Each structure stands twice: as structure tokens, then as C-alpha cells.
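Engineer: Just dropping this structure here.
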Amino acid sequence: MKKWVGGLVTVSALLLSGGVMAQGYASFAAGQSQHVDTCSGVPSCDETGTAFKVVGGYNINEVLGLEIGYLDFGKAKASGFGITAELLVSAFTVGGAFKANFTPDFAGHLRLGIASVKTKGTATDNVSRFSASETNAQPYYGFGLSYAFSKEWAVEAGADFSKAELQGGKNDVRAITVGLRASF
């Protein structure tokens, strides 16, 4: 993961120092997450949670941007058979953002990259508590739409997807978010 971040910083610095007109941006979005097939066979399960993401990047040109970000996929909760369990998933991301302008103010986005996904699980009963945590590199992707209501500000709606892994088990995680993007 350190090599990816170092490579992204190096490429960004070279592009910016070479006279390429880059535009920086930052965004914050919040919404709902879903942990897919996390607790099949459990009497009580809530696979939805609160998601949020923070992204920073540079548009290299009208179509391509480089991004780093943090994405919180929230938590899933399950209970039954005298046990209560929670699964929390978050990720640091590095990747590319591809933009298609439909009109001067309305655009579509596609994000592809790699994520350092941290999955933490806890389970408790009346006597004891068990916890485990794992961090794995996983691919991630996302897509969305944005509407620019000024040169500096836009509203974005998006969906982001990756995988969570804990002790040999894998499940898909996704976040549907709405937020603001500031260009500078």
C-alpha cells in the first residue's frame, strides 16, 4: 500500500511540475452502507449502516483524475443464540477517476483503484468477548453523477464497492452516498 501512495504522490508531483494544468478537489459524502450476505442463518441481522467518505484528488485533464480517500462502510449487527456480533469495515483508497461531461454542469464518474480494507469483528455472549481484525488489499470501484452549481462547488451522488475479509470469510460491501465537492 505504501508503494501505491508513494507512486501516486510522485506521478502527481511530476505532472504538476511539468506545466500540466491540474485542478485539485476534495469531497465529503455520507449515506447508507450494506454488508452483503454477512449473517445468513442468524435470527436477527441488520446488514445496513451509515457510510461516509472523504476524497482528495487532482484532475490531470478533462477526463482523468488521481485520487486518495477514506471510506467508512459502517457496521453490520447480528444477534441470536445468545451471541451479539458486529462487523465494521473501512478502507483507504488510491486510484483513478474517469469523468464524462454530459453537459457543462452535469457529469458522470467512474472510479477504479486499490483499497486497504480494514475489517474488525466482535462477538459477545454473557460470559466472554471475542474480537478479530484484518487489513487486506482489495480492488474497489465506484460510479456516480455530479451537478456543478458553480465553478467551485458541485453536489455528487455515488456508489462505491469493495470486499471485506475476516478469518477466511469474504463479503461484498457497498456505500451509497450524497455529498459536496469543492474544486480549487
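Each value in this text was obtained by applying a stated rule to the coordinates, not by laboratory testing. Predicted model, so just to flag it, every value in this text is computed and none were measured. FYI the Cβ positions are ideal-geometry reconstructions off the backbone, even for glycines, and counts take in every protein chain you see.
Engineer: Taking the simple approach of a point 7 Å from Cα along Cα-to-Cβ for both Asp46 and Glu152, what is their distance in nm?
Structural biologist: 3.9 nm
Engineer: Per DSSP H run of n ≥ 4, the term is -39500 (n - 2.57); total these for the chain, divide by its residue number, and report the mean residue ellipticity at 222 nm rounded to 500 deg cm²/dmol.
Structural biologist: -3000 deg cm²/dmol, from helical runs alone.
Engineer: Let me ask something else. Would you mind pulling out the separation of the Cα centroids of the stretch 94-112 and the stretch 46-91, in Å?
Structural biologist: 20 Å
Engineer: Next question. Find the relative contact order for the stretch 2-183 and round it to a whole percent, using C-alpha pairs within less than 8 Å whose residues are 6+ positions apart.
Structural biologist: Computed over the stretch 2-183, the figure is 21 percent.
Engineer: Quick one: putting +1 on the C-beta of Lys and Arg, -1 on the C-beta of Asp and Glu, what dipole do you get for the stretch 29-184 around its Cα centre, in Debye to the nearest 20?
Structural biologist: The calculated dipole for the stretch 29-184 is roughly 160 debye.
Engineer: Longest segment of the chain with no GluC sites (Glu not before Pro) in a DSSP loop having at most 16 other Cβ atoms within 10 Å?
Structural biologist: Longest stretch, sites excluded: 63-151.
Engineer: Could you tell me the number of lysine pairs in the chain with C-alpha atoms less than 19 Å from each other, where the two lysines are 8 or more residues apart or belong to different chains?
Structural biologist: 20
Engineer: Of [x] 9, 35, 29, 16, 8, 2, 0; [y] 8, 29, 25, 17, 14, 7, 1; [z] 10, 38, 36, 15, 1, which is the value of P(r) over Cα pairs in 10 Å bins from 0, in percent derived from the coordinates here?
Structural biologist: [x]
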